[in-house]
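The values are calculated or read from the model by the stated rules, or taken from the named source; none is laboratory data. Everything numeric in this text was worked out from a predicted model, so none of it was measured. In this analysis, Cβ positions are derived from the backbone assuming ideal geometry, glycine residues included, and neighbour counts consider all displayed protein chains.
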Amino acid sequence: MRCRKCSAKAIIRLPRHNTAFCPPCFSEYVTDQVQRAIKGDRMFGHAEGVAVAVSGGKDSLVLWEILSRLGYRTLGLHIDLGIGEYSRISQRKVEVFASARNLPFVVHSLRENHGAGITEIAEGVHRPPCSACGVIKRYNMNVIALQHGMPVLATGHNLDDEASRLLGNVLHWQDDYLDKQSPVLPNSHPKLVRKVKPLYRLAEREIAAWAVLQKIDYIVDECPNSVGSKMFVYKDALNRLEDAAPGTKHQFYFQFLDRQKARAQVSPIEPDLRECVSCGQPSTAEICSYCKLVGTLQREAEPALKVLK
Amino acid sequence: MKILLHHPPREAALKGPKKVLQVLRELEILPDTVLVIRGEELIAEDEIVNDSDTIEVRPVISGG
Ligand SMILES: [Zn+2]
Ligand SMILES: [Zn+2]
């Protein structure tokens, strides 16, 4: 198999683009796709600071690497979920990566802030761990990014993440989630960051391949709480479709984005935001979902957790 | 050949030589969901894996 660009020996085939690349041409392709996303979707400019949500997995470390190579001013944000060995290894990957490149980062520890890890917190508030985790991550990432003067928050969501999330939302006709599923979410309030997904044009496998080629050491293990997650089911379904008809995932997500743009021009989406009466952060409800979660935790779970100690 | 698999970590063995794509088909793994690594090198799906080789089949799908 030969590189379609320079005919050197290829190391990866991209069936959805009907092409194959050698390491240097593949690396160029990956960087181009990220630049195309940043510039084409007007995600951010060189004058703005970009907070990067880093878990220690392939997507977030690849994102951080590319943004810093492209000369953007970045700050890594890592949330220590307090899930035993998995969290320790994840944080270690982030620390080693950052110190080798002299990149700044901050760690927000759930145990330090709530006295418990995400698994106990989720049990305490009677919610699935991934849903409690999402609420806590979104809230803290936003607050910490703005505290450090970063108006933009970049996450490592890739084409597979977005296509599978779209499939899930369509299967359940989650209309309000469909409106929010975009690679750029403008900040609709001064206390909110602009949220961007610069890797949305790249497949999960392309990102992992780039990480291996660049010798980026990331955590291969999965979050223990994600076992049995619906996302795996949707991804598996899409990968079977992709295997039978390459390009399916790409078409599914990109055609959705085209339709979304057309709809937004007709009736722009204006979220109705006020400030949470408890913490002052923007929210669509009187009390924001983070304060609701923390409130439940304090009322129900913390006395029990204290007894455990 | 020796094949190192993840989730959960385990080993498998197949007779070589065989193309990467063939190895994946025999293990019933979709090529788009993994990377195949020999030593520290990524290898393409038309590459031959010899009987004396050890390869890692690394999943690329995460739950996020
Ligand atoms: Zn080339
Ligand atoms: Zn609040």
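Mind listing just one residue for me: the one in the stretch A:1-45 that is of a type in the set (K, R) and away from chain B (no Cβ under 14 Å) and, of those, farthest from A:R205 (Cα to Cα)?
Checked the stretch A:1-45; the qualifying residue farthest from A:R205 (Cα to Cα) is A:R42.
Considering the stretch A:142-168 alone, what residues qualify as being among the aliphatic types (A, V, I, L, M), crowded, with 24+ Cβ neighbours inside 10 Å and over 28 Å from A:P190 (Cα atoms)?
Across the stretch A:142-168, the qualifying residues are A:L159, A:A163.
Against the condition over 30 Å from A:S188 (Cα atoms), of a type in the set (A, V, I, L, M) and assigned to a helix (DSSP H, G or I), how does A:V135 come out, does it pass?
no
Any residue at all in the stretch A:212-224 that's outside any loop (DSSP other than H, G, I, E, B) and under 17 Å from the mean Cα position of the chain (by Cα)? Working first, answer last.
In the first step, residues of the stretch A:212-224 are kept if they are outside any loop (DSSP other than H, G, I, E, B); the result is A:212-213, A:224.
Filter once more, keeping what is under 17 Å from the mean Cα position of the chain (by Cα): none.
No; the residues of the stretch A:212-224 include none that is outside any loop (DSSP other than H, G, I, E, B) and under 17 Å from the mean Cα position of the chain (by Cα).
Can you tell me which condition A:S87 does not meet? The list is (1) of a type in the set (S, T, Y); (2) more than 27 Å from A:V34 (Cβ to Cβ); (3) surrounded by fewer than 18 Cβ atoms within 10 Å (Cβ to Cβ), and all the others hold.
(3)
Read through the list (1) touching a residue at least 40 places away in the same chain (Cβ under 8 Å); (2) within 28 Å of A:P128 (Cβ to Cβ); (3) facing another protein chain (nearest Cβ under 8 Å), then give the number of the only condition that A:E222 fails.
(1)
Condition check ((1) without any contact (Cβ under 8 Å) to a residue 24 or more places away in the chain; (2) closer than 29 Å to A:C223 by Cβ) across all residues:
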| residue | (1), (2) |
| --- | --- |
| B:L5 | no, yes |
| B:P9 | yes, yes |
| B:A12 | yes, yes |
| B:P17 | no, no |
| B:E28 | yes, yes |
| B:A44 | no, no |
| B:E47 | no, no |
| B:D53 | no, no |
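Yes/no matrix, rows are residues, columns are (1) within 16 Å of ligand 2 (Cβ to nearest atom); (2) hydrophobic (A, V, I, L, M, F, W, C); (3) out of contact with any helix residue (DSSP H, G or I) (no Cβ under 8 Å at 6 or more places or on another chain):
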{"position": "A:A8", "(1), (2), (3)": "no, yes, no"}
{"position": "A:H17", "(1), (2), (3)": "no, no, yes"}
{"position": "A:E28", "(1), (2), (3)": "no, no, yes"}
{"position": "A:A37", "(1), (2), (3)": "no, yes, yes"}
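If you take just the strands (runs of 3 or more DSSP E) that sit entirely in the stretch A:1-78, which of them hold at least 2 residues that are within 15 Å of ligand 1 (Cβ to nearest atom)?
Per the criteria, A:12-14, A:19-21.
In the stretch A:234-255, what residues are more than 14 Å from chain B (Cβ to nearest Cβ) and in contact with a Phe, Trp or Tyr (Cβ under 9 Å, 6 or more places away or on another chain)?
A:Y253 - this is the single residue of the stretch A:234-255 that is more than 14 Å from chain B (Cβ to nearest Cβ) and in contact with a Phe, Trp or Tyr (Cβ under 9 Å, 6 or more places away or on another chain).
Let me confirm something: among A:T19, A:T74, A:T31, which residue is of a type in the set (V, I, T) and more than 19 Å from the chain's Cα centre (by Cα)? Outline the logic, then answer.
Details: A:T74 fails: more than 19 Å from the chain's Cα centre (by Cα); A:T31 fails: more than 19 Å from the chain's Cα centre (by Cα).
So the residue among A:T19, A:T74, A:T31 that is of a type in the set (V, I, T) and more than 19 Å from the chain's Cα centre (by Cα) is A:T19.
Quick check on the stretch A:256-272. Is at least one of its residues more than 16 Å from ligand 2 (Cβ to nearest atom), touching a helix residue (DSSP H, G or I) at 6+ places or on another chain (Cβ under 7 Å) and more than 14 Å from every other protein chain (Cβ to nearest Cβ)?
Yes - at least one qualifying residue is present in the stretch A:256-272.
Counting only residues that are in a helix (DSSP H, G or I), at pLDDT below 95 and more than 29 Å from B:T33 (Cβ to Cβ), which one in the stretch A:139-187 is farthest from the other protein chains (Cβ to nearest Cβ)?
For the stretch A:139-187, the residue satisfying everything is A:D175.
Go through the stretch B:21-64 residue by residue and tally those that are more than 10 Å from every other protein chain (Cβ to nearest Cβ) and in a loop (DSSP other than H, G, I, E, B).
Within the stretch B:21-64, residues that are more than 10 Å from every other protein chain (Cβ to nearest Cβ) and in a loop (DSSP other than H, G, I, E, B) number 8.
Out of all the residues in the stretch A:230-249, which are over 19 Å from B:V34 (Cβ atoms) and part of a helix (DSSP H, G or I)?
At the first step, the residues of the stretch A:230-249 found to be over 19 Å from B:V34 (Cβ atoms) are A:230, A:245, A:247.
Scanning the stretch A:230-249 gives a single hit, A:K230.
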